[in-house]
Amino acid sequence: METSTVRSTEDSHIMPPVPTSDTIEDTVTGTESSTSTGTTTESPLADGMRSLLDDGRTSPEEAPPEVVVYLTQNSTTHHKDEVPESLASLKHAKDKGYGDRSLLPISDPYSDGTTTYDGAFGDAAKDMTWWQDDSELSNGQVKIGDKVLTLGAQSQDPSDTDVAQIREDWRTMLLHVGLAKDRADAVVGALLTDSAGNAKLTESGAGASNELAQLIAVFDRAERGEFEIHSVVLSGHHYSDTNYLFGEDDDHNYDSDVVTGDTLNLKDIEALKGVFPKAFSQVKSVMLNACNTYDLDMQDKDGKDLSTNEWFQDVFPNVESAAYWEGIAPGPDMGAFYAGEFILDTVRKDGGDETAYKDARYKKTSSGSSIRSETGEDGTLSDVSVKRDTKSYVYNDYKGMRDSSGEAFHERDDLMEKLYKKKED
């Protein structure tokens, strides 16, 4: 695997301050009492509580909505296949009384120009122009107002000065999309600072900086209590023995350069768990809807190779259900059904249907198998045997649960009901 000389395999995790029992005691009043000095200051925890109430809940006891975060790297058609099928699956789950979750997609701009920035960044997206929408910007750049920020390398061997500026531009962008300063600093520390404290590039390529930024913003919102991330689906291309998923351009040319390309590295996702511990602990199901994801080339802190299930459990400590591919995954038309069925079955399983997860219509293709795993009584996530059942999900001549083909999700009012939208203040 190619690496840049300015990259580092070690990450420096900077954790945000943890509230103590003394600060929790005064949350309702919005003050923090210091027993040693007798002084009173504004409480960060109170800020979080106010944020919780601002998100539309009438009390802290009201359960936050649950979302499925669906990130697509190869995004040229997914507004017409994987995203609408997943929305239809969630709508079916709600209509049948299995459970109620919403979809929060993350992607490059789709081929029809639709973007996911508003959903990920909220109002902050209005002032942001990414390189795909401005010919004067280069790969990995975003304009906020009149200021151009560079979030990824513009060449294979950027200078130390360039890398340092990229780190500061990331900090500026994170503050713009709503991260508190200490949280933005923690992200910069985890992703863009090596063990010696020097600036480094993200492990992800410049072309994935927009997807990575959206993912960070979504995890931050979950950490602050706006919603809970129940499930994470990562969809894209993947080579065996590599630790990144990658995308393609409109002509279906692979964009897999690890420095400048559209490569989302799992090491960056792994590093973020220390910044967003609450959000990562919420995740109950994970799917890698990509080829050869049985072999991720990920290691533990001692350098021992991790299986896919071990990596899932290391990053998402409360994961209960997971899926990945051994061999070649299908294209997005059929891949949509594998994701839709997995999402539906995890909703049914969580609703008490213990048999739903152990049978599936979509198990394998002529070139690969979709492997499901489950956390057992011993606390270990392990592969499970799944029986094929043609009644478990629908095919419907490539129309699936959405009962259409070639139709963008945003053209369907019924499916848009399951797209996550923040409650109005």
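The values are calculated or read from the model by the stated rules, or taken from the named source; none is laboratory data. Not measured: the values here are computed from a predicted model. Backbone-built Cβ (ideal geometry, glycine too); neighbour counts: all protein chains shown.
Looking only at the stretch 127-175, count how many residues are in a loop (DSSP other than H, G, I, E, B) and buried (at least 17 other Cβ atoms within 10 Å of the Cβ). Explain how you work it out, then say what you get.
So in the stretch 127-175, the residues in a loop (DSSP other than H, G, I, E, B) come out as 134-140, 145-146, 151-159.
This time we only want the ones that are buried (at least 17 other Cβ atoms within 10 Å of the Cβ), so: 137, 139-140, 151-153, 158.
Qualifying residue count for the region: 7.
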Worksheet entry | Residues that are among the charged types (D, E, K, R), in a loop (DSSP other than H, G, I, E, B) and touching a residue at least 40 places away in the same chain (Cβ under 8 Å), drawn from the stretch 276-326 | LYS284, ASP295, ASP297, GLU320
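Name every residue in the stretch 299-321 that is farther than 14 Å from VAL384 by Cβ and of a type in the set (D, E, K, R), in order of residue number.
Step one: list which residues in the stretch 299-321 are farther than 14 Å from VAL384 by Cβ, which gives 299-307, 310-311, 313-318.
The answer is ASP300, LYS301, ASP302, LYS304, ASP305, GLU310, ASP314.
Taking the options SER370, SER382, name whichever one is part of a strand (DSSP E or B) and in contact with a Phe, Trp or Tyr (Cβ under 8 Å, 6 or more places away or on another chain).
Details: SER382 fails: in contact with a Phe, Trp or Tyr (Cβ under 8 Å, 6 or more places away or on another chain).
Of SER370, SER382, the one residue that is part of a strand (DSSP E or B) and in contact with a Phe, Trp or Tyr (Cβ under 8 Å, 6 or more places away or on another chain) is SER370.
Can you give me the number of residues within the stretch 210-241 that are outside any loop (DSSP other than H, G, I, E, B) and within 28 Å of PRO65 (Cβ to Cβ)? First the steps, then the outcome.
The first filter runs over the stretch 210-241 and keeps only residues outside any loop (DSSP other than H, G, I, E, B), leaving 210-223, 228-235, 237.
With the extra rule that they be within 28 Å of PRO65 (Cβ to Cβ), the set shrinks to 210-223, 228-235.
Residues flagged as outside any loop (DSSP other than H, G, I, E, B) and within 28 Å of PRO65 (Cβ to Cβ) within the stretch 210-241 amount to 22.
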Fill in: Count of the stretch 370-381 residues which are in contact (Cβ under 8 Å) with a residue 24 or more places away in the chain and surrounded by fewer than 13 Cβ atoms within 10 Å (Cβ to Cβ)
1
Worksheet item: Looking at (1) among the polar types (S, T, N, Q); (2) over 27 Å from ILE216 (Cβ atoms); (3) touching a helix residue (DSSP H, G or I) at 6+ places or on another chain (Cβ under 7 Å), which is the only condition SER369 fails?
Response: (3)
Response to the item:
Scanning the stretch 398-412 residue by residue, the ones that are over 30 Å from ARG224 (Cβ atoms) and either touching a Ser or Thr at 6+ places or on another chain (Cβ under 8 Å) or not in a loop (DSSP other than H, G, I, E, B) (or both) total 8
Worksheet item: Out of the stretch 384-406, which residues are surrounded by 13 or more Cβ atoms within 10 Å (Cβ to Cβ), in contact with a helix residue (DSSP H, G or I) (Cβ under 7 Å, 6 or more places away or on another chain) and among the charged types (D, E, K, R)?
Response: ARG402
Worksheet, complete the sentence: Given (1) touching a helix residue (DSSP H, G or I) at 6+ places or on another chain (Cβ under 7 Å); (2) surrounded by fewer than 23 Cβ atoms within 10 Å (Cβ to Cβ); (3) within 17 Å of SER75 (Cβ to Cβ), GLY178 misses just (3)
Practice prompt. Quick one: ASP403 ticks every box in (1) at pLDDT below 95; (2) in the same structural domain as ILE106 (by TED's automatic domain parsing) except a single one, so which number is it?
Written response: (1)
Item to complete: State which residue pairs qualify: first residue under 18 Å from GLY205 (Cα atoms) and in contact (Cβ under 8 Å) with a residue 24 or more places away in the chain and inside the stretch 139-150, second residue in a loop (DSSP other than H, G, I, E, B) and among the aliphatic types (A, V, I, L, M) in any location, beta carbons under 8 Å apart, and separation of 6 or more residues or different chains.
Response: GLY140/LEU151; GLY140/ALA153; VAL142/LEU151
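May I ask you to say which residue of ALA88, ALA93, ALA124 is of a type outside the set (Val, Ile, Thr), part of a helix (DSSP H, G or I) and within 20 Å of ALA222 (Cβ to Cβ)? Steps first, please.
Details: ALA88 fails: within 20 Å of ALA222 (Cβ to Cβ); ALA93 fails: within 20 Å of ALA222 (Cβ to Cβ).
Within the list ALA88, ALA93, ALA124, the selection yields ALA124.
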Worksheet item: For the subset of the stretch 99-113 comprising residues that are at pLDDT 95 or above and surrounded by fewer than 21 Cβ atoms within 10 Å (Cβ to Cβ), which member is nearest to LEU264 (Cα to Cα)?
Response: SER102
Worksheet item: Hey, VAL315 hits all of (1) in contact with a Lys or Arg (Cβ under 6 Å, 6 or more places away or on another chain); (2) within 26 Å of ALA88 (Cβ to Cβ) but one; which does it fall short on?
Response: (2)
Worksheet item: Given the conditions (1) surrounded by 13 or more Cβ atoms within 10 Å (Cβ to Cβ); (2) farther than 19 Å from LYS418 by Cα, and given that GLY351 satisfies all but one, which numbered condition is not satisfied?
Response: (2)
